[in-house]
Amino acid sequence: MKVSGFTFIRNAILLDYPVVASIQSILPLCDEVVVAVGKSEDQTLELIKSIDPKVKIIPTIWDDKLRENGRVLAIETDKALAGIDASADWAIYIQGDELMHQEDHASILMAMKTYLNDTEVDGLLFDYLHFYGSYDYVGVSNNWYKKEIRVIKPGRGIYSFRDAQGFRRHPNQKLKVALSGARIYHYGWVRDPRAMQRKQEHFHKLWHDDAWMAANIKTVDSFDYEDHIHELAKFKGTHPKWIAQRIAERNWRFQTDISRSKGNLKNKIKKFLKFIGIDTNYANYTIIRKL
């Protein structure tokens, strides 16, 4: 069974992405990891080159004029996917602020072996942990997506969908997936508040024009996590081992009273409906195999 990994990145140092840890978290599962490295304002290319001999780099140039719905992220994802070994049976996707846990590697391998010859299964679905403000809190409101596809079978006309959150199959079909029994640790909202503000200023340009940016993104030196809190819970588990150094070296502190976390009426209604068996959350996939 041959397994390729793929991802994309630009300005990893400037925007403080844990991309090295992200790639390291899938390397033990992969025969290669293809990284589409966008032309950057920092030393991102040199950083990716230093990770491991199994990392294959594709230099790219982002279309900065494409400022609608994060479409450029999907385009860069597709560039990386197109560069994987044509004989790969599976392709593992990881974004630059996501990690897989070493404790889940056995489950992922088992799922890939189990569904390798299952022609109906297009990919594997992962549960999500979205960290917010620090490594001690996770988002639990319906603002966060709960599951997403992170392993696919290449060569099936599968492409990155919309803003690269998930995948579709040509022409516009949801993928048929199996549960992986594994988790994705998402650290996109955990970084030094100064770097978080830089990310806000850079990232929202991929979705919005200058007028929207001026009206909605504050001109400040650092991001205020308290201004954007929804519902949070205290995290009680362990983190992937590759993020440990980053946790030890953090230079900011975020603490909050989770009882004050904002839960709006819409989320409360969704939570009640889910409690009685009606899940109204958007799902960009069709589950056909469960554990």
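Let me confirm something: among Leu109, Leu47, which residue is more than 19 Å from the chain's Cα centre (by Cα) and free of Cβ contacts under 8 Å to residues at least 40 places away in the same chain?
Leu47
Based on this model, can you work out whether Met112 counts as on the phi < 0 side of the Ramachandran plot, surrounded by 18 or more Cβ atoms within 10 Å (Cβ to Cβ) and part of a helix (DSSP H, G or I)? I'd like the intermediate steps shown before the answer.
Details: on the phi < 0 side of the Ramachandran plot: yes; surrounded by 18 or more Cβ atoms within 10 Å (Cβ to Cβ): yes; part of a helix (DSSP H, G or I): yes.
Answer is yes for this residue.
Are there any strands (runs of 3 or more DSSP E) wholly within region 161-256 with 3 or more residues that are in contact with a Lys or Arg (Cβ under 8 Å, 6 or more places away or on another chain) and over 30 Å from Ile51 (Cα atoms), and if so which?
Those strands (runs of 3 or more DSSP E) span 173-189.
Right, Val177: under 20 Å from Ile288 (Cα atoms) and either among the acidic types (Asp, Glu) or surrounded by 19 or more Cβ atoms within 10 Å (Cβ to Cβ) (or both) or not?
Judged against the criteria, Val177 is a match.
For region 211-238, which residues satisfy the criterion of being within 29 Å of Ile184 (Cβ to Cβ), surrounded by fewer than 10 Cβ atoms within 10 Å (Cβ to Cβ) and modelled with pLDDT of 90 or more?
Those that are within 29 Å of Ile184 (Cβ to Cβ), surrounded by fewer than 10 Cβ atoms within 10 Å (Cβ to Cβ) and modelled with pLDDT of 90 or more: Lys234, Lys236.
Which residue out of Phe161, Phe167, Phe126 is under 22 Å from Leu232 (Cα atoms) and surrounded by 18 or more Cβ atoms within 10 Å (Cβ to Cβ)?
On the way: Phe161 fails: under 22 Å from Leu232 (Cα atoms); Phe167 fails: under 22 Å from Leu232 (Cα atoms).
Answer to the check: Phe126.
State the number of residues belonging to region 103-152 that are more than 17 Å from Leu175 (Cβ to Cβ), in contact with a Phe, Trp or Tyr (Cβ under 8 Å, 6 or more places away or on another chain) and among the basic types (Lys, Arg).
Looking only at that region, the number is 0.
The values are calculated or read from the model by the stated rules, or taken from the named source; none is laboratory data. For clarity, every value in this text was computed on a predicted model and none was experimentally measured. Note: ideal-geometry Cβ built from the backbone for every residue, glycine included; neighbour counts use all protein chains shown.
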